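The structure appears right after this line, and notes come after that.
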Amino acid sequence: MEAQELPCVLIDCIGGKHGVYEDHAEFLKERFCLITMKEYLENKNFLGKKIRAIYMWYHKPVINEELLQSLPNLKIVASSGVGIDHLDLSLLSSYGVKVSNTPFIVSTDTADLGMALMLASSRRLVEGHQMAISPDTEYFPADWLGAEVSGATLGIIGMGTIGYKVAERAKAFEMKILYHNRKQRNKEEERAVGATYCKKIDDLLQQADFVMLVVNLTPQTHKLIGKRELQLMKPTAILINISRGLVVDQDALVEALQNKVIKAAALDVTYPEPLPRLDIFFKFNRSECVCCKIRKSL
Amino acid sequence: MSTVMAEQDLPGLLIMGIGGTHGVQESLAALLKKHFSVITMKELLENKKEVGKKIQCIFVSEFRPTIDQELLESLPNLKVIGNSGVGVDHLNLKMISNFGVRVTNTPHAVADSTADMGMALMLASARRLVEGSQIAVSPDTNYFAADWLGVEVTRATLGIIGMGRIGYKVAQRARAFEMKILYHNRNRRSQEEEQAVGACYSEMEDLLQQSDFVMLVVNLTPQTEKLIGKKELGLMKPTATLINISRGAVIDQDALVEALQNKTIKAAALDVTYPEPLPRNHPLLKLNNVIITPHIGTATVQATHMMAEEAIANMLSVLNCQPIPSEVFPQ
């Protein structure tokens with residue numbers, strides 16, 4: 001099949017800080033004619049009509065009305081990753097363009113990271129490493145303790161594909177698992193991971209040693225965790241976020257951490273990403289908050 | 001009057017001290033005081049002759065107090081040393097045995113927290129958590145690069161060297177991550193035990209060659225000292241990570257440094273080194289593909305309590321001439 005006969009797909013760019021990986025581009029090229037934003041902008045009139053799909057990688061290219069108007073044959077926007085909060089779904093729908101995501105492939109890596117953050121935070125791994133390598137360390141103090149993950153209570157907020165995989169992993173640590181979700185899972189699913197449904201989020205927040213956010217970002221989950229929810233949590237509890245930064249009221253979180261309303265937070269996501277550097281310095285004490293943005297290996 | 005008498009009736013227990021950076025936690029000391037007349041090293045040294053006679057047990061925590069010939073000679077009524085923790089490589093078991101003193105450890109109390117630590121180190125190393133955390137908070141960071149990746153834990157191959165109580169708990173946890181589990185042990189586990197965690201018995205060489213993550217969960221003995229040396233590291237995949245939750249001396253540290261520098265293996269995550277802490281100019285501290293934690297495998301509120309309780313039960317069983325749950329013998 002000649003390259004010209006392959007359907008044309010718009011991508012942002014290849015390589016560099018944000019682009020599609022070279023090796024991914026290679027296998028995409030087996031099926032599609034890839035057009036970068038640069039190439040498209042240089043020849044809008046000709047290429048615009050050919051583009052039938054957009055492949056989004058790390059939320060780029062940014063899709064706005066202007067772009068949609070100049071792609072009359074666009075059929076689908078394929079977003080990498082499961083979150084689609086960066087897309088204006090009603091705008092795309094109004095142009096008759098379908099949207100797809102990748103909910104299954106992200107699930108285990110994201111669940112793994114949730115577990116990694118919970119363990120690292122509870123056992124003070126980052127802090128411990130810093131102590132172990134610090135030029136000032138002369139001995140390891142005996143009164144330096146973390147908290148146990150095994151046998152503790154994990155509250156999973158959002159029991160979709162990823163949340164369920166978190167539960168499967170946590171069960172092996174003999175954790176007591178509570179979950180809150182729009183819909184209750186069926187009995188077999190609950191039994192398989194030993195999870196108990198909390199219809200009211202308050203019940204989960206009050207009992208959990210670890211609260212893990214595994215929801216998608218929607219108007220309903222925006223600032224789901226605010227001052228009220230943080231205060232319902234145990235003062236010994238740790239908040240873990242592997243959803244989106246906006247699910248948490250960040251100012252309320254800072255206040256809660258500073259006042260020891262909760263013990264610690266471990267965040268793979270913030271709003272924005274990265275956080276302003278002054279916020280890091282003044283608001284987040286490194287020992288209370290493990291902040292990272294760890295991309296999945298796709 | 002009767003309270004004072006009751007306390008004096010309690011068997012004398014020697015501990016390093018209470019509180020501070022080297023002493024027994026206050027809450028644990030309170031626990032010990034329920035069963036023993038607790039005597040600190042300071043109190044012993046102030047009046048060796050009188051106080052020495054009262055001591056029937058020693059509670060060793062974080063390797064303190066150091067048990068040497070001099071100490072043993074000054075404690076004529078010593079019956080048992082209750083170690084907090086499972087490893088007893090810091091104790092001269094033969095010398096202690098020659099004094100007719102028993103030694104006990106706490107194999108049950110340490111298992112969950114140490115297995116958790118092994119999982120924590122494996123996940124942190126694979127997903128570059130320490131590095132990522134540094135990038136996230138660094139004053140120089142103004143974007144997160146898209147081509148910054150870790151490696152997958154789910155469905156990877158984990159090789160567990162040492163499948164005792166702790167190793168088995170590691171396998172139970174790793175199974176939930178759909179990991180392929182290989183293990184090597186002095187003795188093979190039963191078929192049921194293997195099947196329950198999906199673990200395959202392997203010869204050492206095969207395990208090293210096939211594993212994405214190699215986790216050391218053995219105790220330190222003359223047989224396991226430098227178990228992992230240049231040859232073993234050379235057998236590992238260049239994409240593999242070595243995790244150590246045993247004892248530092250199980251690894252030939254110089255060979256490890258060389259292997260990490262030459263990219264013979266990809267990374268290491270060590271809760272234990274030799275010595276602890278490492279000298280501040282040690283090359284392991286400078287490598288960016290190494291995570292080191294300050295021997296915190298059992299450093300949780302829960303584990304330290306359980307260890308004290310297990311040690312207490314062991315020591316009391318010796319004093320009461322009952323079967324001893326966890327006695328350790330010289331090899």
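The values are calculated or read from the model by the stated rules, or taken from the named source; none is laboratory data. Computed from a predicted model, the values in this text were never measured in an experiment. Counting neighbours? That spans all protein chains shown, and the Cβs are built from the backbone with ideal geometry, glycine included.
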Tell me which residues, restricted to region B:263-279, are over 16 Å from the mean Cα position of the chain (by Cα) and at the interface with another protein chain (Cβ under 9 Å from one of its Cβ atoms). B:Leu278
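The rows are residues; the columns are (1) over 22 Å from the mean Cα position of the chain (by Cα); (2) of a type in the set (A, V, I, L, M, F, W, C); (3) within 22 Å of B:Gln209 (Cβ to Cβ).
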position	(1), (2), (3)
B:Ser74	yes, no, no
B:Val80	no, yes, no
B:Val101	yes, yes, no
B:Ala111	no, yes, no
B:Met119	no, yes, no
B:Asp147	yes, no, no
B:Val153	yes, yes, yes
B:Gln172	no, no, no
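Table: residues versus (1) at pLDDT below 95; (2) in contact with a Cys (Cβ under 9 Å, 6 or more places away or on another chain).
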{"site": "A:Asp23", "(1), (2)": "yes, no"}
{"site": "A:Cys33", "(1), (2)": "no, yes"}
{"site": "A:Arg52", "(1), (2)": "no, yes"}
{"site": "A:Tyr55", "(1), (2)": "no, no"}
From B:Leu208, B:Leu182, grab the single residue that is touching a Cys at 6+ places or on another chain (Cβ under 9 Å), in the same structural domain as B:Pro275 (by the TED database) and surrounded by 17 or more Cβ atoms within 10 Å (Cβ to Cβ). B:Leu182
Taking the options A:Asn186, A:Asn181, name whichever one is exposed (fewer than 15 other Cβ atoms within 10 Å of the Cβ) and either within 14 Å of another protein chain (Cβ to nearest Cβ) or of a type outside the set (A, V, I, L, M, F, W, C) (or both). A:Asn186
Going through B:Asn314, B:Asn262 one at a time, which residue ends up being assigned by the TED database to the domain that holds B:Gly82 and of a type outside the set (A, V, I, L, M)? B:Asn314
Hey, can you tell me all the residues within region B:143-178 that are more than 7 Å from chain A (Cβ to nearest Cβ) and part of a loop (DSSP other than H, G, I, E, B)? B:Arg155, B:Ala156, B:Gly162, B:Met163, B:Gly164, B:Glu178
Only residues that are among the acidic types (Asp, Glu) and not in a loop (DSSP other than H, G, I, E, B): list them for region A:237-253, please. A:Asp251
By residue number, the members of region B:74-93 that are more than 18 Å from B:Ser246 (Cα to Cα), assigned to a loop (DSSP other than H, G, I, E, B) and small (Gly, Ala, Ser) are B:Ser74
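Looking only at region B:73-111, count every residue that is charged (D, E, K, R) and out of contact with any strand residue (DSSP E or B) (no Cβ under 9 Å at 6 or more places or on another chain) and tell me the total.
The qualifying residues number 3.
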Any residue in region A:106-129 that is farther than 19 Å from B:Met122 by Cα, in contact with a helix residue (DSSP H, G or I) (Cβ under 9 Å, 6 or more places away or on another chain), acidic (Asp, Glu) and in contact (Cβ under 8 Å) with a residue 12 or more places away in the chain? no
Looking at B:Thr104, B:Thr114, can you tell me which residue is under 25 Å from B:Ala249 (Cβ atoms), assigned by the TED database to the domain that holds B:Glu309 and surrounded by 18 or more Cβ atoms within 10 Å (Cβ to Cβ)? B:Thr104
Of everything in region A:90-116 that's of a type in the set (Val, Ile, Thr) and more than 9 Å from chain B (Cβ to nearest Cβ), which residue is surrounded by the most Cβ atoms within 10 Å (Cβ to Cβ)? A:Thr110
Residue within region A:74-85 that is basic (Lys, Arg) and within 14 Å of chain B (Cβ to nearest Cβ) present: no
Is it the case, given these coordinates, that B:Gly85 is at positive phi, modelled with pLDDT of 95 or more and crowded, with 21+ Cβ neighbours inside 10 Å? yes
Among the residues of region A:41-61, are any of a type outside the set (Ser, Thr, Tyr), under 30 Å from A:Lys165 (Cβ atoms) and more than 14 Å from chain B (Cβ to nearest Cβ)? yes
Residue satisfying condition, being surrounded by fewer than 19 Cβ atoms within 10 Å (Cβ to Cβ) and touching a strand residue (DSSP E or B) at 6+ places or on another chain (Cβ under 6 Å), within set A:Thr137, A:Thr153, A:Thr161: A:Thr153
State which residue is nearest to the other protein chains (Cβ to nearest Cβ) when the search covers only region A:117-173 and only residues that are closer than 23 Å to A:Gln206 by Cβ and among the charged types (D, E, K, R). A:Glu148
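Inspect all residues belonging to region A:118-128 and state whether any of them is in contact with a Pro (Cβ under 7 Å, 6 or more places away or on another chain), assigned to a helix (DSSP H, G or I), at pLDDT 95 or above and aliphatic (A, V, I, L, M).
no
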Does region B:280-301 contain at least one residue that is away from chain A (no Cβ under 13 Å), over 18 Å from B:Val130 (Cα atoms), in contact with a strand residue (DSSP E or B) (Cβ under 6 Å, 6 or more places away or on another chain) and not small (Gly, Ala, Ser)? no
Does region A:186-193 contain any residue that is touching a helix residue (DSSP H, G or I) at 6+ places or on another chain (Cβ under 7 Å), modelled with pLDDT of 95 or more and within 30 Å of B:Val60 (Cβ to Cβ)? no
Selection from region B:40-73 of residues assigned to a loop (DSSP other than H, G, I, E, B), within 20 Å of B:Ala30 (Cα to Cα) and of a type in the set (Asp, Glu) yields B:Glu62
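Can you say whether B:Ala136 is in contact with a helix residue (DSSP H, G or I) (Cβ under 6 Å, 6 or more places away or on another chain) and surrounded by 18 or more Cβ atoms within 10 Å (Cβ to Cβ), as far as the supplied structure shows?
no
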With (1) in a loop (DSSP other than H, G, I, E, B); (2) of a type in the set (S, T, N, Q); (3) modelled with pLDDT under 95 as the list, and B:Gln134 as the residue in question, which single condition is left unmet? (1)
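Identify all residues within region B:118-141 that are of a type outside the set (A, V, I, L, M, F, W, C) and more than 7 Å from chain A (Cβ to nearest Cβ); write none if there are none.
B:Gly118, B:Ser125, B:Glu131, B:Gln134, B:Ser138, B:Asp140, listed by residue number.
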